[in-house]
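Student: Okay, here's the structure, questions in a sec.
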Amino acid sequence: MKEFKPQAKWKSKLHEVIYEADTPAGKSFDILLFILIIISVILVMLESIDEFDARYHSELLTLEWVVTIFFTLEYIARLISIKKPLKYVFSFYGIIDFLSTIPLYLSYILAGSQVLLAVRAFRLLRIFRILKLVKFMGEASQLQSALRASRAKIAVFIYVVLILSVIMGTLMYIVEGDDSGFTSIPKSIYWTIVTLTTVGYGDIAPQTNLGQFLATVIMVLGYGIIAVPTGIVTAEFTKNTKDNTRDDDGFLVHVNTQACPNCSVEGHRDDATHCYNCGHPL
């Protein structure tokens, strides 16, 4: 049997800890990462409170450096533990991890009175760290697949809603006119969309009986329309869930968090020996 080189052994162990959550070390790493992400987002929120930031600025900055250094080490570790790091760099998670790491460094590189606004914007990029929490959602990939499979139906649905909004908005402009605040067709369409989505700001309201009747119709339609995209995505999600939990013969299979050391793709079956994406041995 071919033995792993020492370098391959530690890379394999590092990959196991960082990319897989089925092992004790992997679970501990994910829990630590989860806690740090939450702390980081809270720090960003606290820094936006001027009084709090003025009083505890040094403490907040110290905590932020601790979090940033950890995320930097995590990003480097992810790069060196896989065979094709560029695949990770340009993946969704790779971009999010990069955006989560660089803001504090950029704020010091570009420090200066003339770029204070830019510095503030770069630091606010840390809020993207909350997207790293997607990694901890077991059904995230299934939801992504469901949304992708539903995009054509949802596009048609949005197209119909826009047509309906234009028609109803134009009717409201004709019926109500300037006196009720419907000063133009675009503004009337804006009111229709706000009403159709059941938001109802109340900045514009119909005054005539016919206008109020049309508004009632739009409100009722709004409740029915909201359920449509939810049903579409739910149906696709249920279909994907069934497809992902049963094999070709209809038997239940289990999917784990094991990630391919070559391409970083997750979601392999427990009995899989090779990556379903690139064919690399697991």
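Student: Taking the criterion of being within 25 Å of the chain's Cα centre (by Cα), surrounded by 17 or more Cβ atoms within 10 Å (Cβ to Cβ) and farther than 27 Å from residue 262 by Cα, would at least one residue in segment 28-35 satisfy it?
Tutor: No, there is no match, as no residue in segment 28-35 is within 25 Å of the chain's Cα centre (by Cα), surrounded by 17 or more Cβ atoms within 10 Å (Cβ to Cβ) and farther than 27 Å from residue 262 by Cα.
Student: Looking for something part of a loop (DSSP other than H, G, I, E, B) and either at pLDDT below 80 or closer than 20 Å to residue 105 by Cβ (or both) - is there at least one such residue anywhere in segment 4-13?
Tutor: yes
Student: Continuing with this model, one more query. Scan segment 156-167 for residues that are closer than 20 Å to residue 213 by Cβ and either modelled with pLDDT of 90 or more or among the hydroxyl-bearing types (Ser, Thr, Tyr) (or both) and jot them down.
Tutor: 165, 166, 167
Student: What are the pairs with Cβ atoms under 8 angstrom where one residue, in segment 169-186, is farther than 20 Å from residue 197 by Cβ and the other, located anywhere, is among the aliphatic types (A, V, I, L, M) and loosely packed, with under 14 Cβ neighbours inside 10 Å? Sequence gap at least six, or different chains.
Tutor: 175/210
Student: Quick one: is residue 78 closer than 29 Å to residue 63 by Cα, basic (Lys, Arg), at pLDDT 65 or above and surrounded by 16 or more Cβ atoms within 10 Å (Cβ to Cβ)?
Tutor: Judged against the criteria, residue 78 is a match.
Student: Is it the case that residue 30 is in a helix (DSSP H, G or I), modelled with pLDDT under 85 and acidic (Asp, Glu)?
Tutor: Yes; evaluated as a whole, the condition is true for this residue.
Student: Quickly run through segment 204-225 and pick out the residues that are surrounded by 17 or more Cβ atoms within 10 Å (Cβ to Cβ) and either free of Cβ contacts under 8 Å to residues at least 24 places away in the same chain or under 14 Å from residue 176 (Cα atoms) (or both).
Tutor: Result: 204, 206, 211, 214, 215.
The values are calculated or read from the model by the stated rules, or taken from the named source; none is laboratory data. Worth saying up front: this structure is predicted, and the values here are computed from it rather than measured. For neighbour counting, all protein chains shown are included, and Cβ atoms are generated from backbone atoms with ideal geometry for every residue, glycine included.
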